[in-house]
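For reference, the structure is listed below as structure tokens.
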Amino acid sequence: MIIGISQPTFLPWCGSISLIDYVDEIVFLDNVQFDKRSWQQRNNIKTNTGVLTLTVPVVSKNLFHQKISDVKINYSSNFQKKMVKSIIQNYSNTQYFNRYSKKIFSILDYKHEKLIDLNLELMSFVCKTINIDFNYSFSSELNLTSSKGDLIIDICKKKNANKYVSTYGSKSYLKISDFKKNNIKLNFFKYLGDEYKQLYGKFIENLSILDLLFNIGPNSKEILRKNFEITETE
């Protein structure tokens with residue numbers, strides 16, 4: 001079995017969905033510390049003036065050490081209305097906006113208590129829409145106490161994985177020797193970010209999957225599948 005390990009991000013960028021498509025199962029790290037500086041609560045869309053960051057506000061006061069699975073959405077600012085308005089303003093003229101926007105807006109409008117539930121429902125919709133199998137589980141289900149590279153190895157062993165596909169961002173703390181010792185192949189996944197048709201002139205990469213979906217529609221999976229490279233370790 002081939003697995004990937006990730007944190008559940010908000011309206012994830014194309015590389016995240018491409019990785020989900022490539023592996024047999026993605027394990028979401030839901031019992032690690034939430035980081036407000038990460039993509040767990042935000043992502044970027046394209047506008048006629050550049051990049052705009054959409055952010056889901058969360059309850060965080062005196063909760064610095066809270067786990068991802070515990071993070072609650074803060075609805076005091078009525079952020080959904082502003083977010084939907086931004087998406088309409090910048091994508092209503094795309095070819096596939098009318099096909100997908102209604103469902104996306106209904107997910108955004110629903111008052112999910114926890115951020116992880118919102119993120120997973122959005123990812124599930126995107127994957128289902130472009131015919132990608134979304135097989136996932138949670139690290140919290142595995143009762144592990146290790147961290148960093150050891151945690152990755154332990155998750156692979158619990159899942160009986162013979163191959164782990166990592167993003168390049170984790171390369172600094174993963175030891176190839178540890179994977180060899182446990183008979184697990186280690187591959188590195190790199191999303192290439194090649195151009196596709198966008199609105200507003202010059203191509204901008206690393207945007208939310210929304211940008212690809214609204215512009216390319218049912219051909220999104222084809223873009224995702226030809227737009228990455230795998231590096232195998234010896």
Mind putting a number on the dipole of the chain about its Cα centre? Charges go on the C-beta only, +1 for Lys and Arg and -1 for Asp and Glu, and I need it in Debye to the nearest 20. 500 debye
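Taking N as the number of residues in the stretch 10-59, what is its alpha-carbon radius of gyration divided by 2.2 N^0.38 Å? Spell out each step's value before the answer.
Details: Rg = 13.2 Å, N = 50, 2.2 N^0.38 = 9.7 Å.
The stretch 10-59 yields a ratio of 1.36.
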With a 1.4 Å probe and all protein chains left in place, how much accessible area per residue does the stretch 119-171 have, in Å²? 51 Å²
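Considering only protein heavy atoms, what per residue accessible area in square angstrom results for the stretch 1-110 with a 1.4 angstrom probe? Write out the running numbers ahead of the final one.
Values: 5510 Å² over 110 residues.
Value for the stretch 1-110: 50 Å² per residue.
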For the Cα atoms of the chain, what angle does the longest principal axis make with the long axis of helix 79-91, in degrees from 0 to 90, nearest 10? 80 degrees
Compare Tyr100, Tyr75 by solvent-accessible area with a 1.4 Å probe and give them largest first, with all protein chains kept in place. Tyr75, Tyr100
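Write out the chymotrypsin sites (Phe, Trp or Tyr not before Pro) in the stretch 160-234 meeting two conditions: DSSP loop, and at most 14 other Cβ atoms within 10 Å of their Cβ.
Details: sites: Tyr164, Tyr168, Tyr173, Phe179, Phe188, Phe189, Tyr191, Tyr196, Tyr200, Phe203, Phe214, Phe228; in loops: Tyr173, Tyr196, Tyr200, Phe203.
Here the chymotrypsin sites (Phe, Trp or Tyr not before Pro) that fit, given the DSSP loop and packing criteria, are Tyr173, Tyr200, Phe203.
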Any chance you could look up the accessible area of Tyr22 with a 1.4 Å probe, heavy atoms only, rounded to 10 Å²? 70 Å²
Tilt relative to the chain, helix 97-109 - C-alpha long axis, 0 to 90 degrees, to 10: 70 degrees
Can you tell me which of Ser208, Ser86, Ser172 moves the most in a GNM of the chain? Springs connect C-alpha atoms under 10 Å apart. Ser172
Which value, in Å² rounded to 10, gives the accessible area of Arg225 with a 1.4 Å probe and all protein chains present? 130 Å²
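Which value in deg cm²/dmol, rounded to the nearest 500, describes the helix-derived mean residue ellipticity at 222 nm for the chain, given -39,500 (n - 2.57) per DSSP H run of n ≥ 4 and division by the residue count? Let's see the in-between values first.
On the way: 8 runs with 81 residues, N = 234.
Mean residue ellipticity, 222 nm, calculated: -10000 deg cm²/dmol.
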Quick one: which residues, 5 or more positions from Leu207 or on another chain, have an amide H under 5 Å from its amide H? H modelled 1.01 Å from N in the peptide plane, none for Pro or chain starts. Cys14
Suppose each label sits 7 Å from its Cα in the direction of the beta carbon; what would the Ser77-Ser124 distance come out to in nanometres? 2.7 nm
Rounded to a whole number, what % of the accessible area of the stretch 128-234 do carbon and sulfur atoms account for, probe 1.4 Å? 43 percent
Compute the helix-to-body angle for 148-158: its Cα long axis versus the longest principal axis of the chain, expressed 0 to 90° and rounded to tens. 80 degrees
Over the stretch 76-234, with a single point scatterer placed on each C-alpha, what log10 of the ratio I(q)/I(0) does the Debye formula yield at q = 0.10, 0.14, 0.15 1/Å? -0.51, -0.92, -1.01
Computed Rg/Rh for the stretch 174-223 (Cα atoms; Rh = Kirkwood radius) stands at 1.25
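Using a 1.4 Å probe on the protein chains only, how many percent of the accessible area of the stretch 1-71 belongs to carbon and sulfur? Don't skip to the answer; put the middle values down first.
Numbers: 1570 of 3070 Å².
Carbon and sulfur together cover 51 percent of it.
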Most mobile of Lys61, Lys197, Lys148 per a Gaussian network model of the chain (Cα springs, under 10 Å)? Lys61
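Relative contact order for the chain: what percent, with Cα pairs under 8 Å and sequence separation of 6 or more?
On the way: 368 pairs, mean separation 67.4, N = 234.
That works out to 29 percent.
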Between the stretch 1-16 and the stretch 35-81, what is the C-alpha centre distance in whole Å? 17 Å
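Could you work out the Rg to Rh ratio of the stretch 1-122, with Rh taken as the Kirkwood radius (inverse of the mean 1/r over all Cα pairs)? Write down the numbers at each step before the final one.
Working: Rg = 15.1 Å, Rh = 15.6 Å.
Here the Rg-to-Rh quotient is 0.97.
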When only the heavy atoms of the protein chains count and the probe is 1.4 Å, how do Asp150, Asp21 rank by accessible area, highest first? Asp150, Asp21
Set the bar at 21 Å for Cα to Cα. Now go through Lys159/Lys181; Lys67/Lys221; Lys190/Lys221; Lys72/Lys159; Lys36/Lys72 and name every pair that lies beyond it. Lys67/Lys221; Lys72/Lys159
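The values are calculated or read from the model by the stated rules, or taken from the named source; none is laboratory data. If you're wondering where the values come from, they're calculated on a predicted model, not measured in any experiment. Quick reminder, even Gly has a Cβ in these numbers, built from the backbone with ideal geometry, and neighbours come from all protein chains shown. Side chains are part of the model used for accessible areas, which takes the heavy atoms of the whole protein and leaves out ligands, DNA and RNA. Shrake-Rupley method; radii C 1.70, N 1.55, O 1.52, S 1.80 Å.
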